[in-house]
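Peer 1: Okay, handing you the structure first.
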Amino acid sequence: MKTALITGILWQDWPYLAKLLLEKWYKVYGLIRRYSNPNFSNTDYLWITDKINFITGDLSDECSLINVIKSIKPDEVYNLGAQSFVWTSRDLAKATTETNSLGVLYLLNAIKLFSPLTKFYQASTSEMFGNRHDNWIQTEETPFHPRSPYAIAKLYAYWMTNNFKESYWMFCCNWILFNHESPIRWIEFVTRKITDGIAKIKFWIAKDIKLWNLDSKRDRGFAWDYVEAMWLMLQAEKPDNYIVSTGETHSIRDFLEVAFNYIWIKDREKYVKIDPSFNRPAELFVLQGKSDKAKEKLWRESKVKFKELVEMMMEADLKRYSEIK
């Protein structure tokens, strides 16, 4: 039986990845900080909480990571842990750097010293590309231009992962993940904010949704499809870096249209309020990825299309509020 360690267990991707690994008969460990009252709602949603071996550690504490790697010597490590809010990273640049940059260095060092055969996966981000006005479509060869402390910290982790692969012959990979969504996306992210907000409007709990840039375009896929790609990456013969994306972009307006149509609301303008307080400096206009390399070598393309994804999220939030009612 293979063993896998996953960090970032409170975020969207990890429950889907854990479920996939459990279905493949892995023994799955989840790295968790010491919380007085941990929130396992995401794993409860997929009915897997009691199947995970939770182990205490922190990406900002190198000693704890050394102890974790020494004790379990995992076959695979999936580093999904990060301070993932771009907006928050501007106010908490130091904390974001300690987790997203140094945390990766600490984890790689622990693997190098105490479990050098462990395969390592680093969750990179399309935010590292910034705005590429010469070519809106990003590939693995597109130059990086990060525009937030979050993206800058992730870029450090990207290059450190490459460095350990090239310097110590370790199996280290970067997935450059474009936006991906699901019914368990955290509500602080705009897509889930929209579906949750519209569900509240449907049940007369809220009157409107406050947003800012409705023309922002992103390449959005389904989280389950993307975690399948993570696993496939560590099964490859050689480590490499890949983009995971749908190759399509849709604006926030597009997302709103599909979501409102799902509950048959046509006069949607009166329910959307533009709030300048959500404006962020160095905004990104378009992120669109080309994942031909991944599709050629190891990954099937994303199976869930944009409209289906939005409707899936809407259905889940409507169900949540109908059960409350």
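Read the figures in this text as sums done on the coordinates, not as results from a lab. All figures in this text were calculated on a predicted structure; none of them were measured in a lab.
Peer 1: Output the antiparallel fraction of DSSP beta bridges having both residues in the chain, as a percent to the nearest 5. Write down the numbers at each step before the final one.
Peer 2: Working: 2 of 37 bridges.
So the antiparallel bridges amount to about 5 percent of the total.
Peer 1: Can you tell which of ILE48, ILE137, ILE274 shows the greatest fluctuation in a Gaussian network model of the chain with Cα springs below 10 Å?
Peer 2: ILE274
Peer 1: List, largest first, the extents of the alpha carbons of region 135-197 along their principal axes, each in whole Å.
Peer 2: The principal-axis extents, from largest down, are 48, 28, 21 Å.
Peer 1: Here's another thing I want to ask about it. Connecting C-alpha atoms closer than 10 Å in a GNM of the chain, tell me which of LYS210, LYS19, LYS290 has the biggest fluctuation.
Peer 2: Fluctuation is largest for LYS210.
Peer 1: Same structure, new question: Given the rule -39500 (n - 2.57) for each run of at least 4 DSSP H residues, summed and divided by the residues of the chain, what is its mean residue ellipticity at 222 nm, to the nearest 500 deg cm²/dmol?
Peer 2: -12500 deg cm²/dmol
Peer 1: Further, regarding this structure: Which pairs in the list LYS19/LYS112; LYS24/LYS319; LYS119/LYS165 are over 18 Å apart, alpha-carbon to alpha-carbon?
Peer 2: Exceeds cut-off: LYS19/LYS112; LYS24/LYS319.
Peer 1: Another question, if that's okay. Quick check on region 233-325: take the gyration tensor over C-alpha atoms, sort the square-rooted eigenvalues as a ≥ b ≥ c, and tell me if it's rounded (a/c under 1.5), prolate or oblate.
Peer 2: Verdict is prolate for region 233-325.
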